[in-house]
1. Condition (residue is outside any helix (DSSP H, G or I), touching a residue at least 40 places away in the same chain (Cβ under 8 Å) and more than 16 Å from the ligand (Cβ to nearest atom)) applied to segment 439-453: is it met by at least one residue?
2. Of everything in segment 378-417 that's among the acidic types (D, E) and crowded, with 23+ Cβ neighbours inside 10 Å, which residue is farthest from the ligand (Cβ to nearest atom)?
3. Considering V304, V265, which residue is part of a strand (DSSP E or B), under 32 Å from the mean Cα position of the chain (by Cα) and not acidic (D, E)?
4. Does I490 satisfy the criteria of being within 16 Å of the ligand (Cβ to nearest atom), buried (at least 18 other Cβ atoms within 10 Å of the Cβ) and under 22 Å from V142 (Cβ atoms)?
5. Among the numbered criteria (1) acidic (D, E); (2) part of a loop (DSSP other than H, G, I, E, B); (3) within 26 Å of L449 (Cα to Cα), which single criterion is violated by D370?
6. With respect to Y591, is the statement that it is away from the ligand (no atom under 16 Å from the Cβ), touching a Lys or Arg at 6+ places or on another chain (Cβ under 9 Å), among the hydroxyl-bearing types (S, T, Y) and more than 22 Å from L389 (Cα to Cα) true?
7. Taking segment 519-538 on its own, how many of its residues are more than 13 Å from the ligand (Cβ to nearest atom), closer than 17 Å to Y591 by Cβ and outside any strand (DSSP E or B)?
8. Every residue in segment 609-653 that is away from the ligand (no atom under 13 Å from the Cβ) and at positive phi, please.
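The values are calculated or read from the model by the stated rules, or taken from the named source; none is laboratory data. Predicted model, so just to flag it, every value in this text is computed and none were measured. In this analysis, Cβ positions are derived from the backbone assuming ideal geometry, glycine residues included, and neighbour counts consider all displayed protein chains.
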Amino acid sequence: MPTAPVLVKTFVPAIISLMMVAALSACSGSDDNSSAQGNQNPDIGTDSPSVPVEPTTDSDPGNDPGSAPNNPSLPSANLLPPLPATPLSPAPGPDDEPTDVNRPVTAINRFFLVEDPPRRIEPVSAFALNDDDFNAGTPEPVISAPNGFDTTTNAAPYFDGISNREVFAGQTLEVLFRPLDDDGGLPGMFPNSLPEGASFSDNFNGTKTFRWMPLQGDVGITTITITAVDSEEPFYRSAQTILIRVNEPEDLSTIPNFPPVVNNVRNHTVRVGDPVVFELKGSDRNSTYPTVEVPNPPPGATVVPHYIFDEVTVLRFTPDEPGVVEFDVVARDADDPSLTGSSTVSTTVEAAAEFVLPGKRLRALAGERDFHLGFAALQGFYHQADGALYSDLAGLEFNLVSTENSMKWGYINPEPGTFRWADADNVIAFAKHYNQVVHGHPMIWHRQLPLWLYETPTNTLQGHMREFIDRLAQRYGDDVAIWDVVNEPIADEGGFRPSLWFNAMGEDYIDIAFRQARESDPDGILLLNEYDIAWDTPKTATLFPLLESLQQKGTPLDGVGFQLHIDAKFDLFDEVEANFQRAADMGLDIYVTELDVAITDADTTEADQANVYERILDICLRQPRCKALQLWGFTDQYSWRRGQSPLVFDAAYKPKPAYFALQRRLGED
Ligand code: 9MR
């Protein structure tokens, strides 16, 4: 396997864990889907990129992740019982296999793309509520308090006069929320989430009003949750859910028909000669799909329906000169063609030479010191208008790629027996084309889980967890060098996060997940990945004892992923250095997995941001056990914190001071 890390682990069979559910202990065998990576068309990948791609040097470790963890042999290891021959949820099969993309719907012509079989996924609805739930009354509030807080002498805030509510679609529901506290003080409050079209507004008298006109698609029972916050202790909270039953009116014409809108298309920067792709869609609160029209497409553009979703229109063109290309998009109501919404899409086209940067590329500099510099790949970047530029720059600058969202369980396996592999397959193809190490993220997390898992009996969750780890590893183990096996197991206030996994198995789920990962991908570098642990926080107080206890158990843990979502005012560099050293002293490797540095206010500058990037890189480079530094994206165009411009290229793919700071530091001894 070309990407095999230089990692040899002694895995000592010892005690069979008694904690396994009986269902898992009987049988052997697991699914093997490792053959499937989609067919690849060798002609497409030979195009020369319009940005010159520097040849990888001899010292560029590319997809060899370099010096591997050299932990001492594990003191002991409990073998898991084999996975059952009959899977707990249906195994992926040929019907799930992606196929070649042979239509003009992508921005990529450098490597081969696959797409999932054409089907519409309707995730199994968990928590579907019925009239019995509604009639059972308002659920008890969920009280939470910081560790050690005495809830016996301090009453929790609560809401006065709360009840489940009912409304007809097309009518406006108003619910008044008045939080009280028997100890005095005026509690604050916030909605955990709001349905589309709803508002939650302040009445400036200690109350707030939830207002919502549900429409056709809202008929049924839904919930809203409002959290009251103690006036003295902001983490002493009471989350109150109410159920809302939305009934269909006899006369459907009483429901107002709202005009559709064009879904937001952001502005893009592209190069002359790039294939530019837009996936255009409108939406309508009345639960119909508007048709999408482009009255003035750019010259030579093709406009075709999406291969799965009729409501999506794909526009593709190749600009042949610098300038600004504009076109209009009109969304037309499915029931009343006179109702429309429209918007104008503007694309800046620049000569390819504008993106050629001075000095050596970051990956070349990293390679010269046997280091890995990575980025997290936007899921489906090749369907973005600027996907060609994104892909070329990412290939040029980084020798490691992580999967921002395309390997998350909720995406890969949204319903039992349905698998969407194409986006992850395409990241692997991208990595192979550019000779990059792949970091698989995440195997087990408490977020982005498929809804069906929440309906699964608790005593089968261990089996499902192991099965998913195995499926990811079977498919990608040969190509993924590093795995975030368990992501974010620690609560913000310290202690274990009360996740689906923790609630089902207690802290043992962490050990079991790692053991399964080691069994399914013996060569993988296995990490525990967590945020807010690089400096001293309530989470670090849990982290280090947890790492110690895992090591004592013989859990096959190779290193720690320090996420590092920080801001440009960050200055706790000494603590970062000390915490890295603490992990290193335990024989663990260090990966900076998700670095981004937000500019949070007008006082902080791109120079401050650059300084933070450079200092973190410097700490990592001076720490022999720090193996890689990975950015969470690379362009502000696609960041989960886009409004705070946290990355090293701006939204127009121009390098920021932070880019040059990394370049400078990587070039130093
Ligand atoms: O950047 C990711 C964002 O696009 C997703 O919406 C979000 C939820 O899946 O996850 C973000 O990435 C997170 C990562 O998976 C785990 N560490 C924190 C990252 C930022 O939230």
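1. Checked against the condition, which is being outside any helix (DSSP H, G or I), touching a residue at least 40 places away in the same chain (Cβ under 8 Å) and more than 16 Å from the ligand (Cβ to nearest atom), segment 439-453 yields no hits at all.
2. In this case the residue turns out to be D392.
3. Working: V265 fails: part of a strand (DSSP E or B).
Only one candidate passes the filter, namely V304.
4. Values: within 16 Å of the ligand (Cβ to nearest atom): yes; buried (at least 18 other Cβ atoms within 10 Å of the Cβ): yes; under 22 Å from V142 (Cβ atoms): yes.
Here the answer is yes, as I490 does meet what is asked.
5. The failed condition is (3).
6. no
7. First pass over segment 519-538, keeping only residues more than 13 Å from the ligand (Cβ to nearest atom): 519-526, 534-538.
Right, trim to closer than 17 Å to Y591 by Cβ and you get 521, 523-526, 534-535.
Filter again for outside any strand (DSSP E or B), leaving 521, 523-524, 534-535.
Number of matching residues: 5.
8. Once the filter is applied, which keeps residues that are away from the ligand (no atom under 13 Å from the Cβ) and at positive phi, segment 609-653 yields S645, Y653.
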